[in-house]
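Below is one structure, written out as structure tokens, with a few remarks after it.
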Amino acid sequence: MNPRKVNLILLGPPGAGKGTQAQYLQSKLGVAKLSTGDMLRAAVASGSALGKQVQDIMAKGQLVSDDIMVNLLRERIRQADCQNGFILDGFPRTVAQAEALDVMLSEEKKHIDCVIELKVDDKQLVERIAGRFSCAKCGAGYHDNFKQPKKSGVCDECGATEFSRREDDKAETVSKRLDAYHRQTAPLLPYYQKKGVLKGVDGMADIGDVTRQIDGIIGG
Ligand code: ADP
Ligand code: ADP
Ligand code: ZN
């Protein structure tokens, strides 16, 4: 597979490291990183009609409707920066979304090359989410214990000094999101397994090691 033109899905529970690895792959491969969580949070922050519609659902840790998500993605995938490839982070999250994605991509004359599953157990996820924070300016992800900025208080990527924590990263919402993952998203694993595009990586390993496993899969 040509590493410079590749359409990937990163699949895994909340806190598995999808955003972290997508950030790396985006700069390495020069493809677009499409994080539906980031797209929705930007809509909420902007106060748009879509943002108002999804705000409460996200605060409760529930899933936004498939219709909204598929339309959001279709518009995004048509943009110029996706023509060299894209990484989906946080989408699809239900079998219905995966089926709608297949239809939409074939209409757009595209397809998914590879689905990478990040395997992490629930206990570790809770710890990862509890320590997660990100740059308020560029969104780069960090962790209290596992990934501090190289210079304390200064974003590695953009030099900003303001950071934020997600509203839905509090313990009560996290268990709902994990529940939603096991019930609604885990059935995607056999779905992609049957298509022969699923590859698993050990997401419990440290960040650099997970990156190396992914490089091995996509031929980097
Ligand atoms: P995480 O990275 O922790 O898995 P995300 O940032 O991907 O979380 O998603 C945050 C929230 O945004 C989800 O709990 C859900 O409410 C909403 N969301 C994101 N992607 C989707 C999607 N594909 N379908 C439905 N809801 C979504
Ligand atoms: P997701 O997008 O799947 O919800 P993130 O990429 O935001 O997950 O990672 C969740 C948190 O765990 C972040 O604070 C991130 O810095 C940290 N993290 C990511 N991958 C690892 C890893 N392999 N080991 C330890 N911490 C990690
Ligand atoms: Zn930054």
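The spread of Cα positions in the stretch 82-159, taken along each principal axis and listed from longest to shortest, comes to 47, 31, 18 Å.
Assign unit charges at the C-beta atoms only (+1 for Lys and Arg, -1 for Asp and Glu), then state the dipole size of the stretch 4-80 relative to its Cα centre in Debye, rounded to the nearest 20.
Approximately 380 debye in magnitude.
For the chain, relative contact order (Cα pairs under 8 Å, six or more residues apart, normalised by length) works out to 30 percent. To put it simply, the accessible area of the stretch 129-211 at a 1.4 Å probe is 50 percent carbon and sulfur.
For the stretch 123-216, GluC sites (Glu not before Pro) meeting the loop criterion (DSSP other than H, G, I, E, B) and having at most 16 other Cβ atoms within 10 Å: Glu157, Glu162.
The values are calculated or read from the model by the stated rules, or taken from the named source; none is laboratory data. The model shown is predicted, which means the values in this text are computed figures rather than measured ones. All Cβ positions, even for glycine, are placed from backbone atoms using ideal geometry, and neighbour counts span all protein chains on display. Ligands, DNA and RNA are excluded from the accessible area calculation, which covers all protein heavy atoms including side chains. Shrake-Rupley method; radii C 1.70, N 1.55, O 1.52, S 1.80 Å.
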